[in-house]
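The numbers here are math on the coordinates, done by the rules we state, and not lab data. Keep in mind that what you see is a predicted model, and the values were worked out from it rather than measured. Methodologically, a virtual Cβ is constructed for each residue, glycine included, from the backbone with ideal geometry; neighbour enumeration extends over all protein chains shown.
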Amino acid sequence: MLPPAARLAARRLLGLASASASEAAGRRLASSPIAAAGYSAAASRGSVSSTRPFSTALNYHLDSPENKPDMKWEFSEANMKKVNEILSHYPSNYKQSGIIPLLDLAQQQHGGWVPVAAMDAIAKIVEVAPIRVYEVATFYTMFNRTKVGKYHLLVCGTTPCMIRGSREIEDTLLEHLGVKRNEVTSDGLFSVGEMECMGCCVNAPMIAVADYSKGSEGYTYNYYEDLTPKRVVEIVEMLRRGETPPRGTQHPERKNCGPAGGNTTLLGEPKPPPCRDLDAC
Amino acid sequence: MAFLARALRQSNSRLSSRCPAVAASCRWISPTAAAGSPEAGAAVAPADPELPPPREPVGGARVELPPNPEDALEVFVDGHAVRIPKGFTVLQACEVAGVDIPRFCYHSRLSIAGNCRMCLVEVEKSPKPVASCAMPALPGMKIKTNTPVAKKAREGVMEFLLMNHPLDCPICDQGGECDLQDQSMAFGADRGRFTEMKRSVVDKNLGPLVKTVMTRCIQCTRCVRFATEVAGVQDLGMLGRGSGEEIGTYVEKLMTSELSGNVIDICPVGALTSKPFAFKARNWELKGTETIDVTDAVGSNIRVDSRGPEVMRIVPRLNEDINEEWISDKTRFCYDGLKRQRLNDPMIRGPDGRFKAVTWRDALAVVAEVLHQVKPEEITGVAGKLSDAESMMALKDFVNRMGSDKVLCEGNGPNPPADLRSNYLMNTSIAGLEKADVFLLVGTQPRVEAAMVNARIRKTVKATQAKVGYIGPPADFNYDHDHLGTGPQTLVEIAEGRHPFCSVLQSAKNPVIIAGAGLFEREDQDALFSTIETVAKKFNVTRPDWNGLNVLLLHAAQAAALDLGLVANPSESIKSAKFLYLMGADDISLDKLPDDAFVVYQGHHGDKAVYRANVILPSSAFSEKEGTYENTEGCTQWTIPAVPTVGDARDDWKIIRALSEVAGAQLPYDSLSAVRDRISTVAPNLVHLDEREPSTISAEVKPPVKQQVSSTPFKTVVENFYMTDAITRASKIMAQCSATLLKK
């Protein structure tokens, strides 16, 4: 048997060798078409391989002309009624439970994003320190802390959608709109973001469209499923014209999440559940 | 493999025989030989049938079992039975059993977060290792801290913690006193499997005191909990989620707490370190001297870390009765004032108005000569706010021997209430404030006058929802309070039972009244204190079992000065003085001093009073001398010299002793112990070290007061928390703090 030190050195060497081998394997893999598509998509999104992707937004606030802590921000009169309604759901000594619904309401009122001033206003309403609201707002990725478009397009990036081509959908959207991810188009209409599974795997790939163009009264949050790059561009153009594309599956032959061209199985009446023969007892 | 297992078993037995001796002196470290490689750990035969001998509780901790045996329970830690009170956590039970569990997020003075997972232990019948800091101990629980499961769990947690932690220990200020460093040596593996890029986090600007290197942060949230729970400034928070999580303020905000420096101590890694101390020294180069702080009247226990002749930093020392384990920023960061503006040599002001350095012999001769030219009643001695009891005793004896009784201490006002000790002490004691349920603060803003007392009040208010009423100018509080009024009228209303706050006081079980020492300076102080006593009598504040009538002093010297009887009236003494001896007194008004008066300034800093001085006698600062101080609750403590004094400076009492000899009125003591003997004849409590001697005589015996309270509202006594005395005024860090952190 080798002395321990020599064995340690040998194992280190072995480890180094296998690491470089796997790297080489990775490079070989990259030449195959599927992996190449994945890699190029990653490159086109501007992600550099040496950085790890974290949350999409910064965890700290940077002052900008439209987002400053000393700005005044208030809920509108109609929304103030909603605020009171929301707060009535919680005991008066646990007002902070209302932070999440209030942030959502503020986001709808403010065109899809929550400025610091709105968070401060919420902190005052629920009687906590502002930092407690910041903590919540930074934790949840659906609270946008920077400006988004009137139509915020959220592409599902989770495995089933990715396998069904969500990266293509996203690339098409970004190319069509001429923006990068989380950027707003120059007319302020659209922005594209990524979201994790929204539960539509059966109709993958899908996007969700948060419509902030009509304030909190006309706010909608619709899913568009079974997308193709062509169809997603059509949807964007319809939205641009102010039309409302039919929500749900975009497949011409599917109804909701049923199979294309109608049911192929379970066609008859379902059998009743088997019962015991009570007389036999 | 058999060879390996044998070797490990040998090393195990060696270690277990050595450990008990180690455990007494330092943090107990589990045998790392077996923990080093998990597969080898599994190969070793499970726990030895013979138990290691039981250990002493960690840090000599004592556990008070409740009187009712039903409120105690028994658990087994590594096979040993320990009895603990109900409600203890598994971690506390292990501590009682003498097993120190590694931890990062758990801190005994903060709420439990349970998010670092370092304290995982194995509990029998539990499917997974449990986080001992957050798990309540249950009767009969069998806790195992040293099994392969527990070791592997810790090793895994440590690997995760080190995943994103930079390997910058060589340039990290925490290096050498870092919990992460120590615990990864004791419990971690010797390598990690993480090969991706480490994350990096933007550093936050928390102000001139706390330096942040947020990439090093392990998200234990101790600082967040400290800021929220103890300091009472809800600025810090945990932002983001998952591996992008970071500590921050979200918006650009400085940490404006007077206790912010403590986050440096509680941070287990090098994420929050001291900005003034950055890259100055390594902790193993420093000599620690356990002494006390003199920048306020609390007398916080501190350790002065010095390297050679230089004070490098000040850190707190545990004292449950005074400062727990926190200190204020002023205490912690005033040390750079000890290096600046120091007086090195005796100096005489020449005819051209400029100072000229001379020898001690010449300086003392000049002073003695002037001393003999003035009439005895024109001699006045003033002790400064940082003076120790020995020097004040010497000053008083010396001035008395010269035939004058005009010797006083600054800050004690025209007619100090020195007759009864209970009239100027915090009779409830600082720790006793925790039993109170109603506070009435009269003309005092404890947050700036005595930050540690304020921390106690805040702790009580947070724990028991105690009510706080405040009479005084609008002030910053970090807890809920009722601002009852700004002047003595409100106090009179309470005394006459006309104020709504009376009902609160009436229903209180242990009410506390705290009067500020700022009231001493008022003309109507006798009337004010008698009104306060009326309130106390009316609402049962002083009872045989509870004394809630307190005075919160401002300066370190005040209590001892009143004990020793330095009680002359300042304005009269100064008006008639032809020879004024200022012993570090900078804040006394010299406007009325006759122009032809001869002023001797004995002190360590070239501060305010030096401008008027004719002769300067350099003395040593609190970090350089042994001196007795009495804090606001009447506890006597000593400073211990940490560094040699600068230049030709001498201890205060020695200068006066030398001067007395030159002046022909030699004082009868030549050593510190002889001075203390003399003190013991005047105020015996000042020689009982580290003891709080409460006042025994009640306030009943006071003569009636005929004075009327005036309607002048109370004034803010401390305008600038960061600059209150000669040392802090000379400090650059304190100047930065007052420039950036004070509310304008």
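Results, tabulated for the structure shown:
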read-out	value
Extreme residue, positive dipole direction of chain B, given options B:Ile727, B:Val358, B:Ile471 (C-beta unit charges)	B:Ile727
Vicinal HN-Hα couplings computed from phi for the range A:201-206 (Karplus, 6.51 cos²θ - 1.76 cosθ + 1.60; Hz; Gly/Pro x)	4, 5, 10, 5, x, 9
Per residue Cα convex hull volume in Å³ - calculated over the range A:58-175	137
Residue mean of other protein chain beta carbons inside 10 Å, A:126-133	4
Peptide B:241-254 - average C-beta neighbours from other chains (10 Å radius)	6
At R0 = 51 Å, FRET efficiency that the Cβ-Cβ distance of B:Leu689 and B:Ser503 yields, to 0.05	0.70
Length released on extending from B:Ser589 to B:Arg62, taking residue separation times 0.36 nm less the Cα-Cα span	184.6 nm
Bridge type composition, chain B - antiparallel percent by DSSP, nearest 5	55
In Hz, Karplus ³J(HN,Hα) per residue of the range B:610-619 (6.51, -1.76, 1.60; θ = phi - 60°; x = Gly, Pro)	4, 4, 9, 6, 9, 10, 10, 10, x, 10
Label-point separation, B:Thr712 to B:Asp677 (7 Å along Cα→Cβ), nm	4.6
Positive-end extreme of charge dipole, chain B - chosen from B:Gly98, B:Ala609, B:Pro416 (charges on Cβ)	B:Gly98
Amide proton proximity set for B:Ser619, modelled H, under 5 Å, gap of 5+	B:Gly603, B:His604, B:Arg650
The range A:170-281, dipole about Cα centre (Lys/Arg Cβ +1, Asp/Glu Cβ -1), debye to the nearest 20	160
Cα lying deepest toward the dipole's positive end in the range B:150-283, options B:Leu272, B:Cys223, B:Pro166, charges on Cβ	B:Pro166
Cβ charges +1 (Lys, Arg) and -1 (Asp, Glu), total dipole of chain B, debye	1860
Peptide-level mean, for B:229-240, of C-beta atoms on other protein chains within 10 Å	4
Estimated dipole of the protein assembly as shown in Debye, rounded to 20 [Cβ of Lys and Arg +1, of Asp and Glu -1, Cα centre]	2680
Separation in nanometres of the label points that stand 7 Å from Cα toward Cβ, at B:Glu521 and A:Leu266	8.4
Global form of the range A:172-270, assessed from the alpha-carbon gyration tensor, a/c cut-off 1.5	prolate
Within the protein assembly as shown, percent of DSSP bridges classed antiparallel, to nearest 5	55
5 angstrom amide H check on B:Ala515, placed H, neighbours 5+ away	B:Val442, B:Asn550, B:Val551, B:Leu552
Sequence-distant lysines (8 or more away, or on other chains) whose Cα lies within less than 30 Å of A:Lys82	A:Lys68, A:Lys72, A:Lys95, A:Lys124, A:Lys147, A:Lys150, A:Lys214
Mean Cα-pair separation over length for the range B:68-146, i.e. relative contact order, pairs under 8 Å, 6 or more apart, %	37
Mean Cβ count within 10 Å, highest first, over the residues of peptides B:51-58, A:204-211, B:543-550	A:204-211, B:543-550, B:51-58
In Hz, Karplus ³J(HN,Hα) per residue of the range B:300-308 (6.51, -1.76, 1.60; θ = phi - 60°; x = Gly, Pro)	4, 7, 9, 10, 8, 8, 10, 10, x
Protection proxy ranking of B:467-473, B:61-67, A:230-236 - average other beta-carbon atoms within 10 Å, highest first	B:467-473, A:230-236, B:61-67
For chain B, calculated [θ]222 nm from helices alone, where every DSSP H run of n ≥ 4 adds -39500 (n - 2.57)	-8000 deg cm²/dmol
Computed label-point distance, nm, for sites B:Glu285 and B:Asp596 using a 7 Å Cα→Cβ extension	5.7
Prolate/oblate/rounded label for the protein assembly as shown (Cα gyration tensor, a/c 1.5)	prolate
Cα centroid separation - the range B:163-202 against the range B:603-647, whole Å	43
